[in-house]
Amino acid sequence: MDTGTSLLLLAAGGAGGVINALAGGATLITFPAMLAAGLPAVIANASNAVAISPGHLIAALADRGKLPPPTRRTISFVSVSTVAGGVGAGILLLLPERLFVLPVPALIAFATLLFAFAPRIQTWTTGHQKAAALPSTGASSAVLGLACVYGGFFGAGLGVILTAVLSITEPNDIRAIKALKNLLATCVSLAATLIFIVQGAVRWPETSVMLLGAMVGGYAGGHLIRILPAHIVRQFVIAAGALMTAIYAARYWF
């Protein structure tokens with residue numbers, strides 16, 4: 001890995017850390033950076049997942065006072081998220097490289113749209129959560145499981161999806177929903193990254209550099225959140241996601 005690639009990954013990790021602290025959506029920056037560093041798409045996805053994985057855990061610990069008690073329903077959700085995250089990671093590793101690269105532009109586009117409409121999605125789900133009847137644990141777990149399989153497979157936009165699902169299935173205050181979302185996203189991330197590491201799908205030099213950048217960026221983001229408007233960061237991420245969609249569509253589809 002040359003100096004230019006190291007600086008690219010360090011900068012992308014730093015930007016991703018800041019973005020996650022302010023608005024979320026780091027994968028839209030960090031995953032394309034792994035591809036630009038020359039990693040194969042599946043290895044890039046796995047390495048990116050490991051590099052940014054501490055973010056969910058830090059967010060969960062930061063608001064641990066709002067984490068739900070270990071009820072039967074909560075334990076069921078944690079179990080489903082962990083297993084589904086592992087299943088998604090397994091599917092990724094089983095796919096031939098040529099079959100994964102085909103949906104890459106669509107996945108980036110989907111994540112960008114989710115990120116762009118996240119405030120509206122969350123406003124809608126928050127407005128409907130009081131009126132929603134509490135679904136059975138089985139039905140809730142099935143929907144949650146599908147979301148977490150996607151999270152283990154690709155992961156971009158998982159936070160938005162989980163917030164929407166939990167806002168409907170868990171009539172509760174939004175802060176508690178966010179805390180549960182962070183806990184479940186942590187379970188998905190840990191399960192997926194463990195499988196990626198065990199299966200040797202992580203390129204450690206690139207991952208280590210990006211992880212360092214993400215940690216520094218996350219720390220900096222904690223300070224920047226006081227002065228930098230989140231909507232500016234959101235607009236930057238949306239523009240970057242749209243650009244990356246166009247670039248990788250041209251590379252893989254045309």
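The values are calculated or read from the model by the stated rules, or taken from the named source; none is laboratory data. Computed from a predicted structure; not experimentally measured. Glycine gets a Cβ as well: all are built from the backbone with ideal geometry, and neighbour counts include every protein chain shown. Accessible surface areas use protein heavy atoms only, side chains included; no ligands, DNA or RNA. Shrake-Rupley method; radii C 1.70, N 1.55, O 1.52, S 1.80 Å.
Within the range 7-23, can you find the residues that are open to solvent by less than 30 Å² (accessible area, probe 1.4 Å) and within 18 Å of residue 39 (Cβ to Cβ)?
Listed by number, the residues that qualify are 9, 12, 13, 16.
Mind checking which residues of the range 24-46 are open to solvent by 30 Å² or more (accessible area, probe 1.4 Å) and either hydroxyl-bearing (Ser, Thr, Tyr) or within 12 Å of residue 207 (Cβ to Cβ) (or both)?
43 - this is the single residue of the range 24-46 that is open to solvent by 30 Å² or more (accessible area, probe 1.4 Å) and either hydroxyl-bearing (Ser, Thr, Tyr) or within 12 Å of residue 207 (Cβ to Cβ) (or both).
Can you pull out the residues in the range 201-213 that are open to solvent by less than 60 Å² (accessible area, probe 1.4 Å) and of a type outside the set (Ser, Thr, Tyr)?
Correct list: 201, 202, 206, 209, 210, 211, 213.
Please specify each residue of the range 225-235 satisfying the condition of being in a helix (DSSP H, G or I) and either modelled with pLDDT under 75 or open to solvent by less than 40 Å² (accessible area, probe 1.4 Å) (or both). Break it down into steps so the answer makes sense when it comes.
Step one: of the range 225-235, the residues in a helix (DSSP H, G or I) are 230-235.
Listed by number, the residues that qualify are 230, 233.
Is there any pair with a first residue in the range 1-28 that is more than 22 Å from residue 107 (Cβ to Cβ) and among the hydrophobic types (A, V, I, L, M, F, W, C) and a second that is in a helix (DSSP H, G or I) and at pLDDT 85 or above whose Cβ atoms are under 7 Å apart and which are 6 or more apart or on different chains, and what are they?
Final answer for the pair search is 1/205; 1/206; 10/209; 10/212; 10/213; 11/213; 18/217.
Pairs only if they're at least six apart or on different chains, beta carbon under 7 angstrom, first in the range 40-51 and under 15 Å from residue 102 (Cα atoms) and at pLDDT 95 or above, second outside any helix (DSSP H, G or I) and polar (S, T, N, Q); list them, first residue then second.
none
Could we say that residue 216 is out of contact with any His (no Cβ under 8 Å at 6 or more places or on another chain), touching a residue at least 24 places away in the same chain (Cβ under 8 Å) and buried (at least 16 other Cβ atoms within 10 Å of the Cβ) here?
For residue 216, the condition - out of contact with any His (no Cβ under 8 Å at 6 or more places or on another chain), touching a residue at least 24 places away in the same chain (Cβ under 8 Å) and buried (at least 16 other Cβ atoms within 10 Å of the Cβ) - is not met.
How many of the residues making up the range 10-51 are among the β-branched types (Val, Ile, Thr), under 14 Å from the mean Cα position of the chain (by Cα) and under 13 Å from residue 211 (Cα atoms)?
We begin by selecting, within the range 10-51, every residue among the β-branched types (Val, Ile, Thr); these are 18-19, 27, 29-30, 42-43, 50.
Within this subset, residues satisfying the condition of being under 14 Å from the mean Cα position of the chain (by Cα) are 19, 27, 29-30, 50.
Applying the additional criterion that residues be under 13 Å from residue 211 (Cα atoms) yields 27, 30, 50.
Number of matching residues: 3.
Keeping to the range 185-199, report how many residues are within 26 Å of residue 8 (Cβ to Cβ) and open to solvent by 60 Å² or more (accessible area, probe 1.4 Å).
2
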